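Reviewing the structure listed below.
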Amino acid sequence: MIDSTKRQRQARVLRDFRKVHRLTGALLFVFFFVISLTGLLLGWKKHTGGLILAKTYQGTSTNLKDWLSVDSLTAKAFRAVQDSLGPNLSLTLDRIDMRPDKGTVKFLFVEDYLGVQLDAATGNVLHLESRRADFIENLHDGTILDRWFGVDSGVLKVMYSSIMGVALLIFTITGFWLWYGPKRMKQEKPGTVSKRGTPNKGSTMQPT
């Protein structure tokens, strides 16, 4: 009776886990697909021949003493983008990425994920790009929601990351139990117990 009740309880847990697993997969299928696809692309971003992430170009000098000032390079970066895309283009500088080993400075803008690489010593334009890797990364971690809705605090990214993290954890646990649960029930299945004192089939009695 105890074994029967225990097996019924285990079967009920399996059914509940299966429902949660199916529901999680059905509701968040699109998000799981986006996360897996963007994660794959980010893993390959440096090996796509510049399609996702442009290479870092080589400047003329790696000696910091030869470099132009940051404000001078910044002005040249703004001018390079506006000369290429239009003088009336409004730009917001996102960040500056300095590469001393390459003699290059990268200026990354908020608008359209624009980026420009300058020779740190001369200020010449080495490369003008649309940073697809940044867009994919923002899509992967939910930052894109804050950009779309104009939220500066990053609260939407935190909510998205938390929901997807918990959902993936639930999906993993329920998926594991759907595989392990039936195996455990099969191992705990009660076998046939022979009557006490009855010799097993095929056994021989030794004379005393």
- Task: Identify, by number, the condition in (1) in contact (Cβ under 8 Å) with a residue 12 or more places away in the chain; (2) touching a helix residue (DSSP H, G or I) at 6+ places or on another chain (Cβ under 8 Å); (3) among the acidic types (Asp, Glu) that ASP152 doesn't meet.
- Result: (1)
- Note on the structure: Here the residues within segment 57-66 that are touching a strand residue (DSSP E or B) at 6+ places or on another chain (Cβ under 6 Å) and either closer than 30 Å to THR38 by Cβ or modelled with pLDDT under 95 (or both) are TYR57
- Matching strands (runs of 3 or more DSSP E) fully within segment 72-157 where at least 2 residues are small (Gly, Ala, Ser) and surrounded by fewer than 17 Cβ atoms within 10 Å (Cβ to Cβ): none
- Message: Between ARG95, ARG79, which is over 23 Å from GLY150 (Cα atoms) and not assigned by TED's automatic domain parsing to the domain that holds ARG147?
- Response: ARG79
- Exclusive hit being modelled with pLDDT of 90 or more, farther than 30 Å from LEU14 by Cβ, out of contact with any Pro (no Cβ under 7 Å at 6 or more places or on another chain) and of a type outside the set (Gly, Ala, Ser), set VAL166, VAL158: VAL158
- Message: Would you confirm whether or not segment 2-22 contains a residue that is within 27 Å of the chain's Cα centre (by Cα) and free of Cβ contacts under 8 Å to residues at least 24 places away in the same chain?
- Response: yes
- Item | Options VAL30, VAL34, VAL13: the member that is aliphatic (A, V, I, L, M), within 30 Å of LYS186 (Cβ to Cβ) and assigned by TED's automatic domain parsing to the domain that holds THR172 | VAL13
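The values are calculated or read from the model by the stated rules, or taken from the named source; none is laboratory data. Owing to the predicted nature of the structure, the values given are computational and were not obtained by experimental measurement. A quick note on method: Cβ atoms are made from the backbone with ideal geometry, for glycine too, and the neighbour counts reach across all protein chains shown.
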